[in-house]
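Each reported figure results from applying straightforward, stated rules to the coordinates on display, with no laboratory input. No experiment lies behind these values; they were computed from the predicted model shown. Every residue, glycine as well, gets a Cβ built from its backbone with ideal geometry; the counts of neighbours run over all protein chains shown.
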Amino acid sequence: MLSAKFDPIRLSRRAEPFDSSDFIYEIKHDGFRALASVQAGQCQLVSRNGNVFRGFKELAESIGRRLRVDAVFDGEIVALDEYGRSQFNDLLFRRGRSVLLWLRSAFFEWSRPTPTAWAEFSARSC
């Protein structure tokens, strides 16, 4: 489904803590980094190593049904508890609700990266 080569934005290491009012910071969620490629109402979730996440079929279908634009989203697949905290063991063993948190950037219709704010797509149970 990915007709172009996309790589997730890589984390960088710093010797000192970084703080600037010019940047918005995100919560570190404990999950699986994923690119969500959406084309013609179909979604494919791909790992940072290029492997398709086949265990999150319901989540991919939910994203494909809800989006009406061809795009690639860079986000995190997580399982959230009742307080909105990520629970990696629940994700690993497919307990509870799995969601894709789209936090970083999006490529709309194969254009340049577009900064994004926050969106959440969920499946009842994956």
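With Cβ to Cβ distances under 11 Å as the rule, what net charge do the other residues near ASP81 carry (K, R +1; D, E -1)?
+1
Sort the following peptides by mean Cβ neighbour count (other Cβ atoms within 10 Å, averaged over residues), highest first: 58-68, 12-22.
Put in order of decreasing packing, that is 58-68, 12-22.
Mind ordering 43-53, 28-38 by average Cβ neighbours within 10 Å, highest first?
Descending mean neighbour count gives 28-38, 43-53.
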